[in-house]
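As structure tokens, the structure follows; a few thoughts come after it.
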Amino acid sequence: MKTISILNENDLKEAYELELLCHPIPWSKETFFSNQGERYLNLKITVNNKIVGFCICQQVIDEATLFNIAIHPKYRKQGLAKALLNHLIDELMAMSNTISTLWLEVRESNRPAIDLYHSIGFNQITIRKNYYPTASGDQEDAIIMAYTLAL
Ligand SMILES: CC(C)(COP(=O)(O)OP(=O)(O)OC[C@H]1O[C@@H](n2cnc3c(N)ncnc32)[C@H](O)[C@@H]1OP(=O)(O)O)[C@@H](O)C(=O)NCCC(=O)NCCS
């Protein structure tokens, strides 16, 4: 059975395993564990009580930023990331009437993620040149995208 709920402190060890599995350049454990707390709306998606995905979202004044989203490789292409993001958007709209925009940045080479964000309704706003380091030691551009939350 699939459920979406708050990613809490007790989930972080399991979720960090997923972080290491999902990203070619994962966050450090310190970064992952510090992106939690009252300013964050972090969610997990579980299948049969196992965490198969998470998202990390920070809220500051009238804006929210999606810092991270990952789905276990074996559970991809089943609509789980889309369900998680739509749930996040619903929660952001339900809990606050002040947050107007959900921002994110994504590597220009990350076609699955870019297609996911477009499928949800994010628009490309700008490009940040040479923003990300790559595994091969080069740099690549970041695409900045935004989703307007209905107020
Ligand atoms: C990006 C990611 C989160 C997508 O997760 P997912 O659960 O497979 O995505 P969904 O099944 O919900 O896909 C929703 C839509 O995204 C797009 N999409 C997802 N995977 C895709 C792929 N491999 N190629 C092209 N489009 C893709 C499609 O538009 C898809 O809709 P469709 O199935 O109707 O065509 C997943 O691939 C992942 O964890 N990648 C590694 C971590 C990462 O790059 N995170 C994002 C940057 S922080």
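The phi torsions of segment 131-140, fed into the Karplus equation with coefficients 6.51, -1.76 and 1.60 and a -60° offset, translate into couplings of 7, 9, x, 10, 4, 8, x, 8, 10, 9 Hz, rounded to whole numbers, with Gly and Pro shown as x.
Can you sort S96, S5 by how many other beta carbons sit within 10 Å, fewest first? Mind showing how you got there, number by number?
Details: S96 15, S5 11.
The most exposed by this proxy come first: S5, S96.
Amide H to amide H distances under 5 Å link F67 with I56, C57, Q58, where only residues 5 or more positions off or on other chains count and H is placed in the peptide plane.
From the Cα gyration tensor of segment 62-151, with a ≥ b ≥ c the square roots of its eigenvalues, which class applies: rounded if a/c is under 1.5, or else prolate if a/b is larger than b/c, or else oblate? Verdict is oblate for segment 62-151. Comparing mean-square fluctuations of E14, E38, E108 from a GNM of the chain with C-alpha springs under 10 Å, the top value falls on E38.
Between amide H atoms placed 1.01 Å from N, distances below 5 Å from G53 occur with I45, H72, all of them 5 or more places distant or on a separate chain. Ordered by the count of other Cβ atoms within 10 Å of each Cβ, fewest first, R111, R76 give R111, R76.
Within 10 Å of each residue's Cβ, count the other Cβ atoms and sort L20, L149 from fewest upward. Could you put the intermediate results ahead of the total?
Details: L20 12, L149 19.
The most exposed by this proxy come first: L20, L149.
Between K13 and M93, the simple spin-label model (points 7 angstrom out along Cα→Cβ) gives 3.8 nm. Here the dipole of the chain is about 500 debye; that uses its Cα centre as origin and unit charges on the Cβ of Lys and Arg (positive) and Asp and Glu (negative). For K2, the lysines whose Cα comes closer than 25 Å to its Cα, not counting residues fewer than 8 places off in the same chain, are K13, K44, K50, K74, K77, K82. Quick one: grab the alpha carbon gyration tensor of segment 42-110, order the square roots of its eigenvalues as a ≥ b ≥ c, and give me rounded if a/c is under 1.5, else prolate or oblate depending on whether a/b is larger than b/c. Oblate, because a/c is 1.5 or more while a/b does not exceed b/c. Seen through its C-alpha gyration tensor, with square-root eigenvalues sorted a ≥ b ≥ c, the chain comes out rounded because a/c lies under 1.5.
Readers should treat all values here as calculations from the given coordinates under stated rules, not as data from a laboratory. Since the model is a prediction, treat every value here as computed from it, not as a measurement. Positions of Cβ are backbone-derived with ideal geometry, glycine not excepted, and every protein chain shown enters the neighbour counts.
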